[in-house]
Structure formats: C-alpha cells, structure tokens
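The values are calculated or read from the model by the stated rules, or taken from the named source; none is laboratory data. Predicted, not measured: the structure shown is a model, and the values here were computed from it. No Cβ is skipped: glycine too gets one built from the backbone with ideal geometry, and neighbour counts run over all protein chains shown. What goes into the accessible areas is simple: the full protein's heavy atoms, side chains included, and nothing from ligands, DNA or RNA. Shrake-Rupley method; radii C 1.70, N 1.55, O 1.52, S 1.80 Å.
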Amino acid sequence: MTVTYTFRPDGDNPTTFHVDPDAGMHRSDRDKARPLPEWTRLGHCQCSNCPLSIEKESHCPAAVAMLPIVDRFRDDDAYEKMTVRVDDGRRRYEKDTTLEESLRSLLGLIMATSACPILAELRPMAVHHMPFASSDEFIMRSVSLYLLQQYFAKRHDREPDWALNGLVERNQRLQLVNQALWQRIHTVCQGDSNLKALLNFFSMASSVSYSLETQLRKLEGKLDEQGIGAV
C-alpha cells in the first residue's frame, strides 16, 4: 500500500511524494547518485538513546528517509497555505491547510516507516495512517492500538500492561529521537516549515509522556458528553 502526498501551493506547481509503509521513502535514481549531506550522518547530532553504532552504520536511517522532504521545503514558511491531497489506495483525503500541518503528517509517516529501530515502534500506526490527525486523535489512536497489543499479549499468555506504563516509556524514547532530528535539520533550514512540523510532532509525543492521565480525562469527558463514556 503506497501513500501519496500531493502538495499544491497557490500559484505553484504541485509536489508529490510516495511512501511505502513497508519500505519507507523511495529515493529516485537521481537522488541515489547524489552524496548524502553531512547532517544525515549517524554521528551528527546522534540521538542519546540511539542503539545503532557508527562503526556499523554510516547514516541515520530516519534522516536519510526525511532528506527529500527537508530539501524540498527547507526555505518555506510554516504557515504557507496550500491544498494537500493524500491517497492511500483505499480512500482519498484532501484539505486546505498550512504547510506545517501537512509536513507534520507526512514526516510522521516517513519517520515511522524508516529503518530507525526506535521509530519502528510507530509502524503499526503508519500502516493505518491517518493524515492531519489532531492531538486528541493521536492520543486516542495511540492508546487504542497499545491496548489492542496488550489484549493480544494476554491471549498469548504474556503479562499485559493495562496501566499504559509502556506507552509512556515509548513516547519518552520518541521524544529524544524527535529532539535530535530537529537539531539535525536546524542548521540546514532557512525557512521554519520543517522545524515547526517536527516541534508539533514532538508536542504530541510529550502529551503522552508527561500528561497522559490529563489527556485521558479530557477524552473521557468528551465521550461522557456524547453518552458513550464511563458508566
């Protein structure tokens, strides 16, 4: 299943990116022939919790996957208006939005489908990618998927984590990765579109790491208002 993002800025030609959740970002033959920039090297702003070794890996897999996006929008303003269409082969989404929101959605998918062993924890969410997800939707999808994983763990006679401790720890790891990726691209971006998109993604992970209980109470209140919350 290939996910296609098409960016249509006002008065400019569209830009299209194709992402295979099973293979990550495909680099064109022209891109493969180009040397990779210094900021993609594994040792450049390497994540403090990175399990990879510079003796075995020359480049950060997440940075390499992000490279075409960062290059294309490195000079663009985060609040530039555009129409973005997303097609995953099953359904099509289209939204008039800002470049920041669009990139947050696309970069989240790119990172989750890269070969980074930490970001790979998000791969199940990438398989069921939801473009332009709000903070509430991110929390609900994260918690729902994690609880489903715990249900399957119980079915296979493993100890389930109904308290969601593992989910909090997962997002703490993701925060460290996201922070390091922001530092990687900070020096090469003249515009703020990529940077603010990563900060937005960082904020979502933070909401799970530091205030999950508060976020769940907010969701519980909204569900109660609809008559489908706790009884």
Where Rh denotes the Kirkwood radius from the mean inverse Cα pair distance, what is Rg over Rh for the stretch 37-101?
-> 1.12
What do you reckon, how do W39, W182 stack up by accessible area (1.4 Å probe), largest on top?
-> W182, W39
Please give the per residue accessible area of the chain, computed with a probe of 1.4 Å over protein heavy atoms only, in Å².
-> 53
Protein accessible area in the chain, 1.4 Å probe - carbon and sulfur % = 50
In order through the stretch 146-158: 3J(HN,Hα) via Karplus (6.51 cos²θ - 1.76 cosθ + 1.60), integer Hz, x for Gly, Pro = 5, 5, 5, 4, 5, 4, 5, 4, 5, 5, 9, 6, 9
Counting helices only, and only those DSSP H runs with n ≥ 4, report the 222 nm mean residue ellipticity of the chain as the sum of -39,500 (n - 2.57) divided by its residues, in deg cm²/dmol to the nearest 500.
-> -16000 deg cm²/dmol
Using Cα positions and a limit of under 19 Å, work out the aspartates and glutamates in reach of K222, with same-chain residues fewer than 8 apart set aside.
-> D136, E137, E213
Relative contact order %, the chain, counting alpha carbon pairs below 8 Å whose residues are six or more apart = 23
Check: the chain dipole with +1 on Lys, Arg Cβ and -1 on Asp, Glu Cβ, in debye | 420
Looking at the P(r) of the chain, how many percent of alpha-carbon pairs lie beyond 25 Å?
-> 44
Could you state the orientation-averaged shadow area of the convex hull built on the Cα atoms of the stretch 75-123, in nm² to one decimal?
-> 4.3
According to the Cβ-distance criterion of 4.7 Å, cysteines of the chain with no possible disulfide partner are C45, C60, C116, C189
In whole angstrom, and with the biggest value first, how far do the Cα coordinates of the stretch 104-231 range along each principal axis?
-> 52, 36, 24
Counting sequence-distant residues (5 or more places) and residues on other chains, those with an amide H built under 5 Å from that of A78 are D192, S193
Considering only E169, E137, E220, give the residue with the highest GNM mean-square fluctuation for the chain, with springs between Cα atoms whenever their separation is below 10 Å.
-> E220
Pairing the Cα long axis of helix 61-73 with the longest principal axis of the chain, what angle in degrees results, from 0 to 90 and rounded to the nearest 10?
-> 60
Using amide H atoms built 1.01 Å from N in the peptide plane, name the residues 5+ places from L42, or on other chains, whose amide H lies under 5 Å from its own.
-> H59, C60
Could you work out which residue, out of G191, G108, G221, moves most in a Gaussian network model of the chain, that is, has the largest mean-square fluctuation with Cα springs under 10 Å?
-> G221
Positive-pole candidate from T98, L122, L198, dipole of the stretch 76-231, charges at beta carbon | L122
Classify the stretch 171-231 as rounded, prolate or oblate, taking a ≥ b ≥ c as the square roots of the eigenvalues of its Cα gyration tensor: rounded when a/c is under 1.5, otherwise prolate if a/b is larger than b/c and oblate if not.
-> prolate
